[in-house]
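A short worksheet on the structure shown next.
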Amino acid sequence: MTLILVTLGILTAGLLFGLVYNYLLMYTDVFKNIKIRSTQLDKPLSRTEFFKRLPLIGFNILSLYVLSFFGLWMGQGLFDMQWAGIGIFVLHFLVILVVDDLMFYIIHRSMHENKFLHQKIHSLHHQASQPFPLDFIYAHPIEWLSGYAGALVGVILIFIFSPVNVWAFWTWALFRSLHELDIHSGVRSIVSKYIPLMAGAEHHDFHHQRSKGNYASTLIFWDLILGTMLKKKA
Ligand SMILES: [Zn+2]
Ligand SMILES: [Zn+2]
């Protein structure tokens, strides 16, 4: 039960942080000097647009809680709840991160290159052309839930060799939520510029503006090696 409660607690903490961040961007100018978009929609209009997206965001949050609850209930045996040392922690964290990120890239790119998938599923997420942080949850429910398939594959891959260190999983879950909030914020990333090959908010923000290229979420090298990196604006 600890696994489920802590994981849902981490998801909730990420959402609460997102709520505060969203509020600050919608109603204040505290991030005015580090905003990426110079042509952002005026606030009343962008707020109205965002509120229209809230019902789907709410539905997706609920789906994630239900799916996480039952998924973790069934998958409790995959995890080692003990601290297994820094080496195992880092290794398991990186495996989940890289596998999840590669799957995100593949699914995301497919949703742009396949017309049917784009029109029926992914175009919904792109209705937020100038997203707020919580817009990372504004996606077709199929896309939203498929976004967590990569973590499942990563966990199963690790389990082939040994139980998954739960601290690595929890750290990844927190990192994933905060990173998604960051790349949809329209505010320049502070942390990512110090981490080599990590995509900041500018990378995904540019994707939302162009709706083509820059398909990676966290690791910029998927776009670099697979030739989908967008050229920076002049
Ligand atoms: Zn997005
Ligand atoms: Zn996209």
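Pick from the range 220-230 the residues that are exposed (fewer than 15 other Cβ atoms within 10 Å of the Cβ) and part of a loop (DSSP other than H, G, I, E, B): which of them is farthest from ligand 2 (Cβ to nearest atom)?
Only one residue fits best here, namely Gly227.
Which condition from (1) within 16 Å of ligand 2 (Cβ to nearest atom); (2) under 14 Å from the mean Cα position of the chain (by Cα) is the one that Ile142 breaks?
Result: Ile142 fails condition (2) only.
What tally of residues in the range 92-150 results from selecting those that are acidic (Asp, Glu) and within 13 Å of ligand 1 (Cβ to nearest atom)? Full working, then the answer.
Going through the range 92-150, the residues acidic (Asp, Glu) turn out to be 100-101, 113, 135, 143.
Subsequent filtering for residues that are within 13 Å of ligand 1 (Cβ to nearest atom) retains 135, 143.
Counting residues in the range 92-150 that are acidic (Asp, Glu) and within 13 Å of ligand 1 (Cβ to nearest atom) gives 2.
I'm told Phe51 meets every condition in (1) surrounded by 13 or more Cβ atoms within 10 Å (Cβ to Cβ); (2) part of a helix (DSSP H, G or I); (3) away from ligand 2 (no atom under 14 Å from the Cβ) except one. Can you identify the failing condition by its number?
Against the list (1) surrounded by 13 or more Cβ atoms within 10 Å (Cβ to Cβ); (2) part of a helix (DSSP H, G or I); (3) away from ligand 2 (no atom under 14 Å from the Cβ), Phe51 comes up short only on (1).
How about the range 186-219: which of its residues are in a loop (DSSP other than H, G, I, E, B), modelled with pLDDT of 90 or more and not aromatic (Phe, Trp, Tyr)?
Gly213, Asn214, Ala216, Ser217, Thr218
Is there any pair linking a residue in the range 137-151 that is touching a residue at least 12 places away in the same chain (Cβ under 8 Å) to one that is of a type in the set (Lys, Arg) and buried (at least 18 other Cβ atoms within 10 Å of the Cβ), with Cβ under 6 Å and at least six apart or on different chains, and which?
Qualifying pairs under 6 Å: Tyr138/Arg53.
Filter the range 176-209 down to residues that are within 16 Å of ligand 2 (Cβ to nearest atom) and either in contact with a His (Cβ under 6 Å, 6 or more places away or on another chain) or of a type in the set (D, E, K, R) (or both), then give me how many there are.
So the count comes out to 4.
Can you tell me which residue within the range 35-48, out of those that are surrounded by 12 or more Cβ atoms within 10 Å (Cβ to Cβ) and either under 17 Å from His179 (Cα atoms) or among the small types (Gly, Ala, Ser) (or both), is farthest from the chain's Cα centre (by Cα)?
Ser46
Condition check ((1) part of a helix (DSSP H, G or I); (2) touching a Gly at 6+ places or on another chain (Cβ under 9 Å)) across all residues:
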site	(1), (2)
Leu67	yes, no
Gln82	no, no
Leu91	yes, no
Leu94	yes, no
Val98	yes, yes
Met103	yes, yes
Ser110	yes, no
Leu117	yes, no
Leu124	yes, no
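Do we find that Phe89 is in contact with a helix residue (DSSP H, G or I) (Cβ under 9 Å, 6 or more places away or on another chain) and surrounded by fewer than 18 Cβ atoms within 10 Å (Cβ to Cβ) in this structure?
So Phe89 fits the description; yes.
Being over 23 Å from Glu113 (Cβ atoms) and out of contact with any helix residue (DSSP H, G or I) (no Cβ under 9 Å at 6 or more places or on another chain) is true for just one of Ile156, Ile225, Ile195. Which residue is that?
Ile195
In the range 54-83, what count of residues is obtained for those that are in contact with an Asp or Glu (Cβ under 9 Å, 6 or more places away or on another chain) and loosely packed, with under 13 Cβ neighbours inside 10 Å?
Of the residues in that region, 0 qualify.
Please find, among Gly147, Gly213, the residue that is within 16 Å of ligand 2 (Cβ to nearest atom) and over 20 Å from Gly14 (Cβ atoms).
Gly213
The values are calculated or read from the model by the stated rules, or taken from the named source; none is laboratory data. Just so you know, these numbers come straight off a predicted model, no measurement behind them. Neighbour counts are summed over all protein chains in view; Cβ atoms, including those assigned to glycine, are modelled from backbone coordinates with ideal geometry.
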